[in-house]
Structure formats: C-alpha cells, structure tokens
Amino acid sequence: MSSLYQSQDINILIVDDNIENIQIIGQILMEQNYNLSFATSGAEALHMLMDKDQKYDLLLLDIVMPGQDGFSVCRKVKSIPALQQMPVVFLSAKADSQSVLNGLALGANDYIFKPFNSRELLLRVKTQIELKKQHEALERLNLSLEEAVTQRTELLRHAHKKLEILDEAKSNFLRLISHELRTPLNIISGFTEILNDALKNTDLIDDLTELKISTNRLISLSETALLLTELELGKYAPDFSLIDLKAICQANARRYQSSFKGDHLEFHFNFAHSDSKVRGDFNLIDNIIGKVTENAIKACGDRCEITYQLHKDGEKTILEINDDGAGFAKKNLEQIFERFAKKGPDLKYDGFGLGLSTIKLVMDLHQGKVSVRNHEKGGASVRLEFSVPYSSPAGSP
C-alpha cells in the first residue's frame, strides 16, 4: 500500500522523564525523517499539546512519571475534542496485563513494552500514523461529498422552483384559454344552431355541421383545460355520493350514438355483477367515462364497436372500456397520463393529451387507478379501478 504521507511532514511528541530513553527513541525515529519533539513530564506534554500553532500526529507516552503519570495525560488528551483523533502509544516497562488493559481502556491505540525492538517500534509507529492519515483522508472525502450533496441539493431546489413556476404558468395559461375561449365559442355555437334551421336544405349544411363539430370540440377542450387546472390546484370541490356506473355508461352510449356520423357504431354491455354502484363525484365520473368513450369512437373511425365491461375484483369495482380501433401509439404509452406528453405531430386523438391527464387526476381524487393497454388483435382498453368500500378524502362529505 502506498504511503499517505511523507515522513518529514510527521510530527511526533515523545514524553518520558528519562532523557536517555528519549535519546534512544529519538535516534530510531530520526532515521525515518520524522519531526520529533519531547517533554520530560506530563504537565509539559499537555502544555505543548495545547499549543494551537503546533499539531502532532502521534504521542509516544511513558506511564511512570513524577506528577502527572501517563494514564492521567492520556485521559486528559482523550477528553479534548481537538486531540481525540491523535494516536496515543504507551511505551512502558510496566508489562503486566492490568496496566495494558488500563491503558487501552483510556483510549490508547497501542502499548509497547520496554525494552523494545527498534524494528517493532518503527512498524507500530508507522501503522498508527497510516491509520490516522487514512482517517483524515476519509474525513476530507466525507466533507467533500457533503459539500457536493449540498450544492446538488441547492441546484435541485432551484430546478424544482423553476418547475413550479413553469407548472403554474401552464396552469394559468390553461385557465386563461378556457375562460377567454368559452364566451366566443358559446356565441358561435348558438349561431350555428340558429343557422342550422335556415341552411338545412342547402348545400352549406355539411359545412355548418363541420363548424358545429369543431366548435363543440373547442368548447370541450376549454372545459377540460379548466377542469384539469382546478383538479391540479386542488380548487375543485368534489360532491361525493353513491353513483351508478352502469347507468352512466348507458347514458354516454345513448349520447354518442345519437351524434355519431359514421357508418356503424355499436355498444355492448357486459355487467357481470349486479352491484354497479360506487361512491364518487357524479359529474367527474360522467366526464371521464364520456372522454374515454369519445376517444374510443375517434380511434375507431366510421365503424366502431365499444364494450363496457363491469366486474368485481375482491373489494374493488373494475370498469373496462374496450374498442376495436387503432390502439394507443407505443411511443406514448409510457407517458400517456402526463399533460402535453404526446410526441410527434399526430394529435388526432385526445387533443394534446389533456383528456387522459384529467382521467388520472379524477381517479386519484377517488383513490382509484387508471391504466391502458392495447389488445393483441387490435383495439385498446381503458381500465378504471374503484376502491370499495370507499373512504372520502379529508374534508369531503
């Protein structure tokens, strides 16, 4: 293992009341280019250790000394936070096991008996210094990582703040578009109804029909945008009651059957369980079942078959709406419930993806789930999962 330090950068303090012992130890360590200091008493050693201008990497400490012995010096050193990480090695003629245990119990890192082997002393000193330098390197690394984490957290905080601002801007945009468009669109819709009677026997009736369809689609988009914004901002006040999914599906089927302009539209109802009631907000559930039905019809084109399938799964009520249309584009499936998530120029179905985003928010509000899948032989399925029994969100009736 490569060394973490250079010998000439290492400061060692030798504490012994016997000058001859200090000379012997010093001669051995000087060969390794260590910087050596010495003290002949515990009090002197503590005075030197407290000097803020001098840092020591290792303390070689005798035990038997007049005044403060080595044990008391070690105890004092380990009580000072700035000195706690400095290795303490006892060098003592006290070779009994109790002395060794006492020294280690005070926090000493090693215990060497006198007389000692010079090579043993060098190896043990080197080991303790290596351990200290590794600990310091680890502390520097931890500090660096903490600083990096702090910086990254701050960057993420700023990024999150920007996302919040952008999200609020999108919500405000949708709210503005919805409010600003609905009034002129309602006027246009009203005039198309008036013109319908006047032009029904003319060549312009087809153009008027297209105008009505486009106007109604824009009205639906503005209403969806406003609902989505209210749901996201938590400003929609749900009115929970016991609602009948079967009745809602049948009502939507009649509604779209009467307005269908293609060659063939057929609805099938597969209600395997007689209990089709769940607790929810009628307007919201009617809205999302209508959106799924409308999107299914758009995906099918002129010929379409839609099946409403209702069944129980344990305590859950499952409504699946299946169609035989083109299915969902694979590139959109992963982000299909995210607002504005549609990729590419094909926005023919479901506008800008607001419809599915709204469906997910409504199901979240009902503590339910929504998922989609494509059928192997064509067509797609939207699955709405309602929890039963249903617990109203806090503050709801």
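The values are calculated or read from the model by the stated rules, or taken from the named source; none is laboratory data. Computed from a predicted model, the values in this text were never measured in an experiment. Every residue, glycine among them, receives a Cβ derived from its backbone with ideal geometry; neighbour counts consider all protein chains shown.
Computed values, structure above
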{"item": "Condition met for Pro66 (within 17 Å of Asp17 (Cβ to Cβ) and loosely packed, with under 15 Cβ neighbours inside 10 Å)", "result": "yes"}
{"item": "Selected residue [of a type outside the set (Asp, Glu), on the phi < 0 side of the Ramachandran plot, surrounded by 16 or more Cβ atoms within 10 Å (Cβ to Cβ) and in contact (Cβ under 8 Å) with a residue 40 or more places away in the chain] from Asn283, Asn322", "result": "Asn322"}
{"item": "Selected residue (criterion: nearest to Phe116 (Cα to Cα)) from residues of segment 57-95 that are small (Gly, Ala, Ser) and out of contact with any helix residue (DSSP H, G or I) (no Cβ under 8 Å at 6 or more places or on another chain)", "result": "Ala93"}
{"item": "Residues being over 14 Å from Leu61 (Cβ atoms) and not in a helix (DSSP H, G or I) - total across segment 84-100", "result": "4"}
{"item": "Test: residue in segment 78-85 that is surrounded by 14 or more Cβ atoms within 10 Å (Cβ to Cβ) and free of Cβ contacts under 8 Å to residues at least 40 places away in the same chain", "result": "yes"}
{"item": "Conditions (1) over 25 Å from Gln134 (Cβ atoms); (2) assigned to a helix (DSSP H, G or I); number of the one not met by Val77", "result": "(1)"}
{"item": "Any chance Gly280 is outside any helix (DSSP H, G or I), within 30 Å of Asn172 (Cβ to Cβ) and not assigned by TED's automatic domain parsing to the domain that holds Ser214", "result": "yes"}
{"item": "Restricting segment 192-234 to residues that are under 30 Å from Leu365 (Cα atoms) and part of a loop (DSSP other than H, G, I, E, B), the residue that is modelled with the lowest pLDDT", "result": "Leu233"}
{"item": "Hey, Asp275 surrounded by 13 or more Cβ atoms within 10 Å (Cβ to Cβ), under 23 Å from Ser387 (Cβ atoms) and modelled with pLDDT of 70 or more or not", "result": "yes"}
{"item": "Breaking point among (1) assigned to a helix (DSSP H, G or I); (2) among the small types (Gly, Ala, Ser); (3) touching a Lys or Arg at 6+ places or on another chain (Cβ under 6 Å), for Gly103", "result": "(3)"}
{"item": "Among (1) in contact (Cβ under 8 Å) with a residue 40 or more places away in the chain; (2) exposed (fewer than 15 other Cβ atoms within 10 Å of the Cβ); (3) touching a helix residue (DSSP H, G or I) at 6+ places or on another chain (Cβ under 8 Å), the one test that Ala251 misses", "result": "(1)"}
{"item": "Conditions (1) hydroxyl-bearing (Ser, Thr, Tyr); (2) at pLDDT 60 or above; (3) within 34 Å of the chain's Cα centre (by Cα); number of the one not met by Tyr308", "result": "(3)"}
{"item": "Some residue of segment 356-365 being closer than 17 Å to Glu294 by Cβ and modelled with pLDDT under 80", "result": "yes"}
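Residues checked against (1) without any contact (Cβ under 8 Å) to a residue 12 or more places away in the chain; (2) closer than 23 Å to Tyr56 by Cβ; (3) over 40 Å from the mean Cα position of the chain (by Cα):
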| position | (1), (2), (3) |
| --- | --- |
| Asn117 | yes, no, yes |
| Glu120 | yes, yes, yes |
| Val125 | no, yes, yes |
| His135 | no, yes, no |
| Glu146 | yes, no, no |
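Conditions tested, residue by residue: (1) surrounded by 13 or more Cβ atoms within 10 Å (Cβ to Cβ); (2) modelled with pLDDT under 90; (3) of a type in the set (Asp, Glu); (4) assigned to a helix (DSSP H, G or I).
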{"position": "Ile112", "(1), (2), (3), (4)": "yes, no, no, no"}
{"position": "Phe116", "(1), (2), (3), (4)": "yes, yes, no, no"}
{"position": "Leu121", "(1), (2), (3), (4)": "yes, no, no, yes"}
{"position": "Arg124", "(1), (2), (3), (4)": "yes, no, no, yes"}
{"position": "Ile129", "(1), (2), (3), (4)": "yes, no, no, yes"}
{"position": "Glu139", "(1), (2), (3), (4)": "no, yes, yes, yes"}
{"position": "Leu143", "(1), (2), (3), (4)": "no, yes, no, yes"}
{"position": "Leu155", "(1), (2), (3), (4)": "no, yes, no, yes"}
